[in-house]
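Step one of this worksheet: look at the structure below.
The values are calculated or read from the model by the stated rules, or taken from the named source; none is laboratory data. Being a predicted model, the structure only gives us computed values, none of them experimental. Positions of Cβ are generated from backbone atoms using ideal geometry, with glycine treated the same way; all protein chains shown enter the neighbour counts. The protein model used for the area step is the full one, side chains on, heavy atoms only, and it has no ligands, DNA or RNA in it. Shrake-Rupley method; radii C 1.70, N 1.55, O 1.52, S 1.80 Å.
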Amino acid sequence: LNKKPLKQAISTLYAIQRLPQAQQNFIRDRFPGVGKLIEGDYSMIERYNPAFLDLIPDAYKGYVREKLDAVAEPMSEAEIQTLLSLNLFAE
């Protein structure tokens, strides 16, 4: 949690938010820079960015989309913009 930039930032912060409050408070006290970031909304990672399907070869794109749609919904435009504009450099 001391690395700058924070490795796997969104998923790390999202996971911390799901910890019991006592553990979150411990992290806030021990890592003040990360503590500030814990307050953000990172729920967009429960969904997938459909633009990333463009990175997959056409032969697999339909299959991958089908599998993703079975477990998650695509992000909204607002969530995509939030994701792309996040600055998660712990101070």
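The figures follow:
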quantity: Dipole magnitude of the chain, debye to nearest 20 (Cβ charges: Lys/Arg +1, Asp/Glu -1, about Cα centre); calculated: 520
quantity: Probe 1.4 Å, accessible area per residue of the chain, Å²; calculated: 69
quantity: Residue among Asn25, Ile56, Leu68 farthest towards the positive dipole end of the chain, charges placed on Cβ; calculated: Asn25
quantity: Per-bin percent of Cα-Cα distances, the chain [5 Å]; calculated: 2, 13, 20, 18, 16, 13, 9, 6, 2, 0
quantity: Two-site FRET efficiency, Leu19 against Phe52, from Cβ-Cβ distance with R₀ of 30 Å, rounded to 0.05; calculated: 0.60
quantity: C-alpha long axis of helix 21-30 to longest principal axis of the chain, angle in °; calculated: 70
quantity: Where labels lie 7 Å past Cα in the beta-carbon direction, separation of Ala59 and Glu77 in nm; calculated: 3.5
quantity: Relative contact order %, the chain, counting alpha carbon pairs below 8 Å whose residues are six or more apart; calculated: 39
quantity: Quarter of the Cα convex hull surface for region 47-91, i.e. its orientation-mean projected area (nm²); calculated: 3.9
quantity: Partners for Lys7 among lysines (Cα-Cα distance below 26 Å; same-chain residues under 8 apart left out); calculated: Lys36
quantity: Computed lengthening from Asn87 to Ala70, 0.36 nm per intervening residue step minus Cα-Cα distance; calculated: 3.1 nm
